[in-house]
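This report concerns only the one structure given below.
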Amino acid sequence: MEMETGRPYFIGDIGFWSERTEVHKAAYHGQVSYLQSLIQSGASVNVVAVDSITPLHEAAVRGQTQCVRLLLDAGAQVDARNVDGSTPLCEACSAGSAECARILLEYGAKVNSALTSRTTSPLHEACIGGNAECARLLIANGASLETYELYSGTPLHVACAKQHLECVKVLLRAGAKVNAVRLHETVLHHAAKANNAEMIKLLVEFGANIYAKDKYERKPIDYTRPDTPAGLSLQHYESCPLSLQELSRIALRNVLGTRAPQVITKLDLPNFIIRYLSYL
């Protein structure tokens, strides 16, 4: 039997299976007028390439905001998954395109999409790339701060491992658990291994346990050398515990959890105290 070539065929609810199409290419390169003409001529906006990438994935990963909106207006599936389980929102956050992420959320993209063994959450992706603006946007839209990914841990683990200090600040101020563990390893272990004294200071001020032990029974300080910034910083905190004032701030924020940013700003307290409690 002779087979037809070059003709896409139906694969299911998402659309059609084919090689990378003109719709994919137009979306990727931000060719708005060409994409519009393709859509008007009947081209499917949900056509998928062999790796299950849709045109919306292509537009999102390249930060092509006009193409993202055009595709969504034409019926593109906002939470379509590629072969790795990644959604267009994951792609936008990975690329650092907060505007694309904002449009996708406007059209109903799931901020807490289900994880698979090969998938990270949009918030993980933002933290992997050090995209603090995307992280703020996701958190404002209800992203879970404690979503746990099998290989990386929580978004805070990822941000610390990648040494993205601004993302770490965003997560901690939003109420992320500073002592969450991945295989008994805390984020302070990550900071110590990276010899990042500034990150160590930030984590300790938010209540990180300097005595926490990992699966090898090693504390964060055990991953440093005495003459390094990280080693000196942890030595200081072991010999000079936090003040009562600092401990009170940590205790209050622990009680409030993720409600801290909203509740603290409404307290009838002087502005300088509000700023102190908010770590600003």
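The values are calculated or read from the model by the stated rules, or taken from the named source; none is laboratory data. Being a predicted model, the structure only gives us computed values, none of them experimental. Because the Cβ atoms are built from the backbone with ideal geometry, glycine has one as well, and the counts that use them run over all protein chains shown. Please note that ligands, DNA and RNA were not included when accessible areas were found on the heavy atoms of the full protein model with its side chains. Shrake-Rupley method; radii C 1.70, N 1.55, O 1.52, S 1.80 Å.
What residue, among those in segment 111-140 that are over 11 Å from the mean Cα position of the chain (by Cα) and surrounded by 15 or more Cβ atoms within 10 Å (Cβ to Cβ), is nearest to Cys67 (Cα to Cα)? Don't jump to the end; show me each part of the working.
Here is the first cut: in segment 111-140, the residues over 11 Å from the mean Cα position of the chain (by Cα) are 113-119, 140.
Checking which are surrounded by 15 or more Cβ atoms within 10 Å (Cβ to Cβ) leaves us with 113, 115, 119.
Details: Ser113: 23, Leu115: 27, Thr119: 25 Å.
Ranking the qualifying residues of segment 111-140, first place goes to Ser113.
List the residue pairs whose Cβ atoms are under 6 Å apart, where the first residue sits in segment 60-81 and is without any contact (Cβ under 8 Å) to a residue 40 or more places away in the chain, the second is aromatic (Phe, Trp, Tyr) and assigned to a helix (DSSP H, G or I), and the two are 6 or more positions apart or on different chains.
Listed by first residue and then by second, the contacts come to Arg62/Tyr28.
Within segment 137-179, can you find the residues that are part of a loop (DSSP other than H, G, I, E, B), farther than 26 Å from Ile274 by Cα and of a type outside the set (Phe, Trp, Tyr)? Spell out the reasoning first.
Let us first name the residues in segment 137-179 that are part of a loop (DSSP other than H, G, I, E, B), namely 141-148, 150-152, 154, 162-164, 175-179.
Now restrict to residues that are farther than 26 Å from Ile274 by Cα: 147-148, 150-152, 154, 162-163.
If the condition is that a residue be part of a loop (DSSP other than H, G, I, E, B), farther than 26 Å from Ile274 by Cα and of a type outside the set (Phe, Trp, Tyr), then Thr147, Leu150, Ser152, Thr154, Lys162, Gln163 are the ones that fit.
Going through Ser152, Ser144, Ser117 one at a time, which residue ends up being modelled with pLDDT of 95 or more and of a type in the set (Ser, Thr, Tyr)?
None of the others qualify; the one that does is Ser144.
In this structure, is Ile210 of a type in the set (Val, Ile, Thr), in contact with a Phe, Trp or Tyr (Cβ under 9 Å, 6 or more places away or on another chain) and surrounded by 15 or more Cβ atoms within 10 Å (Cβ to Cβ)? First the steps, then the outcome.
On the way: of a type in the set (Val, Ile, Thr): yes; in contact with a Phe, Trp or Tyr (Cβ under 9 Å, 6 or more places away or on another chain): yes; surrounded by 15 or more Cβ atoms within 10 Å (Cβ to Cβ): yes.
Against the criterion (of a type in the set (Val, Ile, Thr), in contact with a Phe, Trp or Tyr (Cβ under 9 Å, 6 or more places away or on another chain) and surrounded by 15 or more Cβ atoms within 10 Å (Cβ to Cβ)), Ile210 qualifies.
Give the number of residues within segment 53-92 that are closer than 15 Å to Val23 by Cβ, assigned to a loop (DSSP other than H, G, I, E, B) and either open to solvent by less than 30 Å² (accessible area, probe 1.4 Å) or basic (Lys, Arg) (or both).
Residues flagged as closer than 15 Å to Val23 by Cβ, assigned to a loop (DSSP other than H, G, I, E, B) and either open to solvent by less than 30 Å² (accessible area, probe 1.4 Å) or basic (Lys, Arg) (or both) within segment 53-92 amount to 4.
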